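Contents: one structure, followed by commentary.
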Amino acid sequence: MVENHWEDVYRTKAVDRVSWFQTKAETSVRLIADTGMSHEAAIIDVGSGASRLVDNLLAAGFTDITALDLSESGLAASKKRLKAKAEAISWLVGDVLTTEFATAQFSIWHDRAVFHFLVTEEQQRAYVEQAAKAVEQGGYAIIATFAEDGPEKCSGLPVQRYSAQQLAAVFADYFTLVHTERESHRTPSGSEQKFNYCVLRRN
Ligand SMILES: C[S@@+](CC[C@H](N)C(=O)[O-])C[C@H]1O[C@@H](n2cnc3c(N)ncnc32)[C@H](O)[C@@H]1O
C-alpha cells in the first residue's frame, strides 16, 4: 500500500534527510507570490508532508493555507515544528485522488513532487479532474515534477518525468500554461535532481 510506504518514510527517516528536503521552499513561495493573489487567497499544498512551505507561506503573510497528505506522520512533523502557529493551518489526511473538494475551493493549488508518482494515465486524469474542480476560475495550479532529465525514481518509487511542455499538456483541458521554470535541487546527500515547475492558470 502506498499509504504505508509514506507512513514508513516519515516514521523512520529524519525529515531533513529525505531526498526532497528543502530548508526553504523558495521557488514555490516566489511562484505563489508572483501569481498576485491576495494574502487571503485559499492555498492548498498537495502532498505537503513535512515541507516547510507552510511555514514559509505563513511568514510571507498568507492566511488561508491547507496542507494535505496521505501520511499523518508527515503532517505531524510539520505541526510539531510550527507549534502554536500550526493552528492557523487546515490539516487534511487523505489521498489527493479521492479527497472530496468543494468546487472552486482554492485559488492556488501547489504540488511539489507528488503528481510525478502517478504513473498511469487513469491516475493522472483523476488528478487533473480533482485540480480542475477544486481551483476557481482564474486561480492557479503550480506543479513541480522531476524533469525529463531528472531521476527515474523518488523515495524508491517509479516516477513519470516531464518536460514543462509535457506537463502543461496533461492539464491543457482546464489550465493554460503561464510560466515554467527549471530547478536543480540538491539533496541532503549531495546529488542533483532536475525539476520542472509549471504555473498553470485555470480557464
Ligand atoms: C516526495 S514527497 C514531497 C513532499 C513535499 N511536497 C515537499 O516538497 O517537501 C511526496 C509527498 O506526497 C505525499 N503523497 C504521495 N501520494 C499522495 C497522494 N496520492 N495524496 C496525497 N499525498 C500523497 C507523500 O506522503 C509525501 O509526503
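The values are calculated or read from the model by the stated rules, or taken from the named source; none is laboratory data. As the structure is a prediction and not an experimental result, all values here were calculated from the model. For neighbour counting, all protein chains shown are included, and Cβ atoms are generated from backbone atoms with ideal geometry for every residue, glycine included. Surface areas here come from the heavy atoms of the whole protein model, side chains and all, with no ligands, DNA or RNA. Shrake-Rupley method; radii C 1.70, N 1.55, O 1.52, S 1.80 Å.
General observations
- Residue match in the range 95-103 (condition: under 20 Å from LYS13 (Cα atoms), within 14 Å of the chain's Cα centre (by Cα) and within 10 Å of the ligand (Cβ to nearest atom)): no
- Filter result for TRP109 (aromatic (Phe, Trp, Tyr), within 10 Å of the ligand (Cβ to nearest atom) and under 20 Å from GLU181 (Cα atoms)): no
- Contact map, the range 99-112: first residue within 16 Å of PHE175 (Cβ to Cβ) and aromatic (Phe, Trp, Tyr), second residue open to solvent by 50 Å² or more (accessible area, probe 1.4 Å) and at pLDDT 95 or above, Cβ cut-off under 9 Å, separation 6 or more or different chains; pairs are PHE101/LYS133; PHE106/ASP64; PHE106/GLU136.
- Top-ranked residue of the range 136-171 - restricted to ones that are closer than 24 Å to GLY74 by Cα and of a type in the set (A, V, I, L, M, F, W, C), ranked as modelled with the lowest pLDDT: CYS154
- Residue in the range 81-91 that is near the ligand (Cβ under 10 Å from one of its atoms) and either at pLDDT 95 or above or among the charged types (D, E, K, R) (or both) present: no
- Single condition PHE117 does not satisfy, out of (1) within 24 Å of ASP34 (Cα to Cα); (2) out of contact with any Asp or Glu (no Cβ under 8 Å at 6 or more places or on another chain): (1)
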